[in-house]
Amino acid sequence: MCGIHAVISTTVIPSISPELKSLLSNRGPDHFGQAYREIAFENGDSLIRINFTSTVLALRGDHIARQPLESSITGSALCWNGEAWRINGQSIRSKNDGELILAKLEAPDVSSPETRKSHILNVLRNIEGPFAFLYYDAQIKRLYFGRDRLGRRSLLIHQAEDGDSISFSSIADVPATGWKEVDADGIYSLNLDTRLATPYGLKLDTRATRYDWVLSAGDHMVSSIGNFNMTLPPPDHKLDLNSSSVKMLRDWLCESLKLRVLDIPEPPNPLSDADVRVAVLFSGGLDCTILARLAHDFVPTNQGIDLINVAFENPRQASINKTQPHLNAADVYEACPDRMTGRKAFAELKSACPDRCWRFIAVNVPFEEAMSHKSRIVSLLYPHNTEMDLSIALALYFAARGIGNSYIHKCEWEPAPPSVTSPARVLLSGLGADELFGGYARHEQAFKNGGYPRLIDELKLDISRIGQRNLGRDDRIMAHWGKEVRFPYLDEGLVRFAISSPVWEKCDFQNQFHPAVIDPAKRVLRLLADKLGLRVIAREKKRAIQFGSRTAKIESSTGRRRGTAPITST
């Protein structure tokens, strides 16, 4: 994870504020760098100034790649925040991706601006992985910017009211006003070699040109990744342990996880004796427990894996507990649904993989502590600002911080376990599995309302809008702690497999009852969990993070405040 920022202006650019410098450095604690460019117009009567800032969280290659990355030949500059797992279909797992991308972008001089533009777009379109970027091409005086087609990294944009400047940043400055998220629907560029005529004189031309991720797409293309399989099932279909889709899902998940858990370097200044480089955001649910189990197959055996489980003191629930004298203070956290499923899943992982050093980190967050961080979380959320955003962000924020009680040998609650901070800088998230494989209650409702045609439409819609939803928000929240969240289910290859698979090979709402008592929602994942020896977890019900950790409407005494309501003042 890195922090990137740029200001383009026709006037002198002030230094970035200490607050913004701190926010960017939190995202990338290993390096802070800046670069400056000036672009003169032909008649020399004015300048456009560009100030680039990058901070680096070093997770690729054998050295810290100092950003902004600059070409000594052309003067071009790249601010890169992300992970290019494949370029042109080829894995680049062990290399520094930012340096490689700049080298590919910096082709030899070309005959025309159009040829140059086509080359740049071709390089960017062939990158697979999560990223946000700013690339100044000095050869044709254009700034390219954007987010990957699933929107997995944050990039905000701000235009000055006077038209003299435009800014980009991973995170909004404080106080945060006027920033918007860059859409993840394509690659954008600004022509910095022109000025815009206005009634107030010539101004910076901030009109962006958008280029599609794919040059041509049919009606069933989703997220610019692949075509959705609209085929209806045959009358005698069934999804079972021996179905080919179960094995294929495992193969694709393994390929995705190899890219995301291998070759992670040690932190430059390790603060812990424990060699733990990967942690799982761990509710004990189906999706994250499968990731933990399969990650075990690839993470070196001398490294541990942390399972980070959050639970909150919700005053409404605490007041109920006070009326039950047999409950003590610890039960406020231990009674959280995600804590109970988390401990069960921890026990199942220990049984399935006894040689791995699993560490269950129970993060207990008192209400007062949660509220003491509220103003910071609201600032990181911006421009998102609803109660539901806050409920989810609270859980992700404290999970990414990674401070909690450590359980290694015992799965059950203990009165005085040691407190630890997870040193892992890579966090695995199960996000995306519900959209891909039909895990939400609305998917079952769609089937009830209109059979497989309606279900197919609902799944297609869910996947097509992943890039428009909340991944930028989640990136801003978790990267604050110098951590990088990775989404194995949202690997482009796995997504392509999922959307090209027929619907009955993913979920099976027509056959509600299964001999192994496996629910129809996400049945292919449940069957995989069963085959991996996770038989209890294969039968767990879906639960949203804000309800499992009890952050939902945590400040409401009645719980009746709508999730879409604006956040109340801090």
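The values are calculated or read from the model by the stated rules, or taken from the named source; none is laboratory data. Note that this is a predicted model, so its numbers are computed, not measured. Because the Cβ atoms are built from the backbone with ideal geometry, glycine has one as well, and the counts that use them run over all protein chains shown. Just so you know, the surface numbers come from the protein's heavy atoms only, side chains and all, with ligands and any DNA or RNA stripped out. Shrake-Rupley method; radii C 1.70, N 1.55, O 1.52, S 1.80 Å.
Go through 473-481, 434-442, 84-92 and give me the packing order, highest mean Cβ count within 10 Å leading.
473-481, 434-442, 84-92
Under a 5 Å amide H cut-off, with hydrogens placed 1.01 Å from N, LEU428 pairs with ALA279, VAL280, LEU281, ARG486 among residues at least 5 apart or on other chains.
Please figure out what share of the DSSP beta bridges in the range 198-311 is antiparallel and state it in percent, rounded to the nearest 5. Before the final figure, lay out each step's value.
Details: 3 of 8 bridges.
Looking only at bridges with both residues in the range 198-311, the antiparallel portion is about 40 percent.
Phi angles of the range 355-362 translate, via the Karplus equation with coefficients 6.51, -1.76, 1.60 and θ = phi - 60°, into HN-Hα couplings of 7, 8, 8, 8, 10, 7, 9, 8 Hz per residue; Gly and Pro are given as x.
Counting other Cβ atoms within 10 Å, which chymotrypsin sites (Phe, Trp or Tyr not before Pro) in the range 388-422 have at most 16 and lie in a DSSP loop?
Details: sites: TYR397, PHE398, TYR407, TRP413; in loops: TRP413.
Sparse-neighbourhood loop chymotrypsin sites (Phe, Trp or Tyr not before Pro): TRP413.
Take the solvent-accessible surface of the protein heavy atoms, probe 1.4 Å, and return the percent of it on the chain that carbon and sulfur atoms account for. The nonpolar share, carbon plus sulfur, comes to 51 percent. Every helix of 4 or more DSSP H residues in the chain counts as -39500 (n - 2.57), and over all residues that averages to -9000 deg cm²/dmol at 222 nm.
Taking the Cα centre as origin and putting +1 on Lys and Arg beta-carbons and -1 on Asp and Glu beta-carbons, what dipole magnitude results for the chain, to the nearest 20 debye?
Values: 70 positive and 67 negative charges, 243 e Å.
Its charge dipole is roughly 1160 debye.
Relative to the current alpha-carbon distance between ASP297 and LEU262, full extension at 0.36 nm per residue lengthens the span by 11.5 nm.
Axis of helix 441-464 versus longest Cα principal axis of the chain: the two differ by about 30°, to the nearest ten degrees. Computed from backbone phi, the HN-Hα couplings of the range 208-224 come to 8, 9, 9, 10, 5, 5, 10, 6, 9, 9, x, 5, 9, 5, 10, 6, 6 Hz, rounded to whole numbers (Karplus: 6.51 cos²θ - 1.76 cosθ + 1.60, θ = phi - 60°; Gly and Pro given as x).
Pairwise inverse Cα distances across the range 429-516, averaged and inverted, put the Kirkwood hydrodynamic radius at 14.3 Å.
Under 5 Å from the amide H of PHE41 lie the amide H atoms of SER46, ILE48, each residue being 5 or more positions distant or on a separate chain, with H modelled from the backbone and absent for Pro and chain starts. Dividing the mean sequence gap of close Cα pairs (under 8 Å, 6+ apart) by how many residues the range 164-267 holds gives a relative contact order of 16 percent.
Suppose we keep just the DSSP beta bridges with both residues in the chain; what percent of those would be antiparallel, to 5? Walk me through the numbers before you get to the answer.
Numbers: 68 of 88 bridges.
The antiparallel fraction comes to roughly 75 percent.
Taking the Cβ of HIS237 as the centre, find all other residues whose Cβ is under 9 Å away and add up their charges (Lys, Arg: +1; Asp, Glu: -1).
Details: positive: LYS238; negative: ASP236, GLU505, ASP508.
Net charge in that neighbourhood comes out at -2.
Axis of helix 244-261 versus longest Cα principal axis of the chain: the two differ by about 60°, to the nearest ten degrees.
Quote the relative contact order of the chain in percent (integer), defining contacts as alpha-carbon pairs under 8 Å separated by 6+ residues. Write down the numbers at each step before the final one.
Details: 1152 pairs, mean separation 92.9, N = 570.
Relative contact order here is 16 percent.
With 18 Å as the limit, write out which pairs from LYS247/LYS522; LYS460/LYS506; LYS483/LYS542; LYS95/LYS258; LYS95/LYS117; LYS506/LYS541 have Cα-Cα distances beyond it, or answer none. Present the calculation step by step, with values, prior to reporting the outcome.
Working: LYS247/LYS522 15 Å; LYS460/LYS506 13 Å; LYS483/LYS542 26 Å; LYS95/LYS258 14 Å; LYS95/LYS117 26 Å; LYS506/LYS541 16 Å.
Among LYS247/LYS522; LYS460/LYS506; LYS483/LYS542; LYS95/LYS258; LYS95/LYS117; LYS506/LYS541, the Cα-Cα distance tops 18 Å for LYS483/LYS542; LYS95/LYS117.
Computed over protein heavy atoms with a 1.4 Å probe, the accessible surface of the range 122-187 works out to 29 Å² per residue.
For the range 150-210, the square roots of the Cα gyration tensor eigenvalues, ordered a ≥ b ≥ c, give a/c of at least 1.5 with a/b no greater than b/c, which places it in the oblate category. For LEU232 and ARG465, what is the calculated FRET efficiency with R₀ set at 22 Å and r taken between the beta-carbons, to the nearest 0.05? Efficiency, rounded to the nearest 0.05: 0.45.
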